[in-house]
Amino acid sequence: KIHVTAVDIAEWDDVVGALVQSFKSDTNFGAGARFDADFWKADILGPGVAEEVITPDTRLVTLCFTTNELYTQSRADTTRFLLGLGERLQPGALLLVVESAGSYSTVKVGEKVFDMGLLLEHTLLRAGEGKSNWEMTDKRDSQWFRLPEEIKFPLQLEDARVMVRVFRRTR
């Protein structure tokens, strides 16, 4: 069984619903496989939102092309959110972060510019002076995602170069 909880400040309920129906009608998804999803229109940095949405039995948290915006909104709240994941999730849970690579993978806080990968590593791996709840299991500063040429879509889709970090909750 797969359950997805999507969270964003924009309204994506119809899109999430359409994706769920597509997965459920896909005969290649697997006989007997169960898939469902729900959408929360909320600010993940808002008071109590992460605690309500990301429960201790969550196995995978993904931050895809949003971490930069979260840090820009509030470095303190984003740091609190990330460290809170280490307190809330069970050992073995994963955190996957995907951001645009290169100059897009930096965030300006005040007058300082931070590399997103290093900022994540510092926050999750060096927090509490050796008391980190995370280990990094994958690190890619520049990974190309190239679409197969046979994929056709009504809108033009482009290849992307991304920064990837995968962290595993350890204790």
Just checking, does segment 147-158 include any residue being surrounded by 14 or more Cβ atoms within 10 Å (Cβ to Cβ), in the same structural domain as residue 50 (by TED's automatic domain parsing) and either out of contact with any His (no Cβ under 9 Å at 6 or more places or on another chain) or over 26 Å from residue 47 (Cα atoms) (or both)?
no
Failed item in (1) in a helix (DSSP H, G or I); (2) within 30 Å of residue 146 (Cβ to Cβ), with residue 51 passing the rest
(2)
Pick from 135, 87, 99: which is surrounded by 15 or more Cβ atoms within 10 Å (Cβ to Cβ), in contact (Cβ under 8 Å) with a residue 24 or more places away in the chain, at negative phi and not hydrophobic (A, V, I, L, M, F, W, C)?
99
Residue 66: at pLDDT 90 or above and surrounded by 13 or more Cβ atoms within 10 Å (Cβ to Cβ), yes or no?
yes
Considering residues of segment 5-43 that are at pLDDT 90 or above and of a type in the set (Val, Ile, Thr) only, the residue nearest to residue 57 (Cα to Cα)
5
Could you check segment 79-171 for strands (runs of 3 or more DSSP E) lying wholly inside it with 3 or more residues that are more than 25 Å from residue 49 (Cβ to Cβ)?
112-115, 134-145, 160-169
In segment 113-132, how many residues are under 19 Å from the mean Cα position of the chain (by Cα) and either of a type in the set (Lys, Arg) or surrounded by fewer than 12 Cβ atoms within 10 Å (Cβ to Cβ) (or both)?
0
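The values are calculated or read from the model by the stated rules, or taken from the named source; none is laboratory data. Values in this document were obtained by computation on a predicted structure and should not be read as measured data. Neighbour counts are summed over all protein chains in view; Cβ atoms, including those assigned to glycine, are modelled from backbone coordinates with ideal geometry.
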